[in-house]
Amino acid sequence: MLVLFDIDGTLLLTQRAGMNAMCDAGRELFGDSFTMDGVEFAGRLDCLIWLDLVRLNALEDTQANHDRFRTTYGLHLRRRLDTERKTLLLPGVGDLVQRLDAERGVTLGLLTGNYPETGRMKIASAGLDPNVFKVNAWGIDGRTRRDLPPVAMERHREHHGRSVAPEQVIIIGDTPHDVDCAKAHGCRSIGVATGVFTREALNDSGADLAVDDLSRTAEVLAWMLQTRARVLQ
């Protein structure tokens with residue numbers, strides 16, 4: 001079984017450090033008039049957020065500009081994470097990650113809109129070991145979130161030398177985007193209402209399981225393992 005976690009709003013909250021660092025980077029590179037007003041962040045890929053910022057601020061969408069923005073964003077995020085120390089590991093996450101990592105036949109991974117380097121920064125700042133997550137699909141690996149599950153499944157095949165069936169993949173996230181990308185590929189999903197969407201909204205979006213948070217770890221783990229058992233029968 002492959003379990004893929006979203007980062008922001010699912011594993012942790014950076015208390016706006018990520019968004020503020022993007023704004024810092026934009027203003028350093030493109031001037032004090034740089035704005036992020038009206039840009040949607042929840043559940044979206046950093047590369048798509050960049051395109052929104054390009055349009056909003058009338059910038060040139062060049063690889064050089066994107067690379068400069070990405071690098072400068074990473075520097076500002078590191079500074080904010082180190083100085084503000086506000087990253088919050090969300091309820092039940094540490095226990096669930098630890099128990100899944102110890103479970104035979106389970107591979108942990110990430111499915112996230114983050115750039116790899118900034119995603120790993122955030123995870124480490126929350127007190128988790130980024131290396132626990134062996135199979136990852138990042139925001140640079142597709143044009144939309146729906147592109148990411150096949151990337152993660154292919155990386156699972158490369159890592160283990162065998163394929164994983166879609167119904168043996170569980171995507172855990174806090175937005176309907178996470179649920180949608182799972183449904184698009186026949187994967188299972190757990191919607192966690194620790195971001196901006198309620199449990200009811202996640203349930204209505206089609207989550208196979210919707211919970212307020214992951215603090216009822218034993219119940220969530222039991223559901224996951226029962227799902228695996230049903231598929232294997």
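The values are calculated or read from the model by the stated rules, or taken from the named source; none is laboratory data. Fair warning: this is a prediction, and the values are worked out from it, not measured in the lab. A quick note on method: Cβ atoms are made from the backbone with ideal geometry, for glycine too, and the neighbour counts reach across all protein chains shown. Each accessible area value is taken on the protein alone, full model and side chains, heavy atoms only, with ligands, DNA and RNA left out. Shrake-Rupley method; radii C 1.70, N 1.55, O 1.52, S 1.80 Å.
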Efficiency of FRET between residue 104 and residue 75 - r from beta-carbon atoms, R0 35 angstrom, step 0.05
0.30
Dividing the convex hull volume of the Cα atoms of the chain by its residue count, what figure in Å³ per residue is obtained?
115 Å³
Any idea which of 63, 90, 111 is furthest toward the positive side of the dipole for the range 57-112, if Lys and Arg beta-carbons carry +1 and Asp and Glu beta-carbons -1?
90
Quick one: grab the alpha carbon gyration tensor of the range 32-81, order the square roots of its eigenvalues as a ≥ b ≥ c, and give me rounded if a/c is under 1.5, else prolate or oblate depending on whether a/b is larger than b/c.
rounded
Tally up the carbon and sulfur contribution to the accessible surface of the chain as a whole percent, 1.4 Å probe, everything protein left in place.
46 percent
For the range 43-152, restrict the atom set to alpha-carbon positions and state the Rg and Dmax in Å.
15.7, 51
Of all DSSP beta bridges having both residues in the chain, the percent classed as antiparallel (nearest 5) is 10 percent
The range 126-233: C-alpha gyration tensor shape, a/c 1.5 cut-off, then a/b vs b/c
rounded
For the chain, report the accessible area per residue in Å² (1.4 Å probe, heavy atoms, rounded to an integer).
46 Å²
How large is ³J(HN,Hα) for each residue in the range 35-40, as worked out from phi by the Karplus curve 6.51 cos²θ - 1.76 cosθ + 1.60 (θ = phi - 60°), to whole Hz, x for Gly and Pro?
9, 10, 4, x, 7, 7
Amide H neighbours of residue 137 under 5 Å, at least 5 residues apart or on other chains, H built in the peptide plane: list them.
110, 111, 112
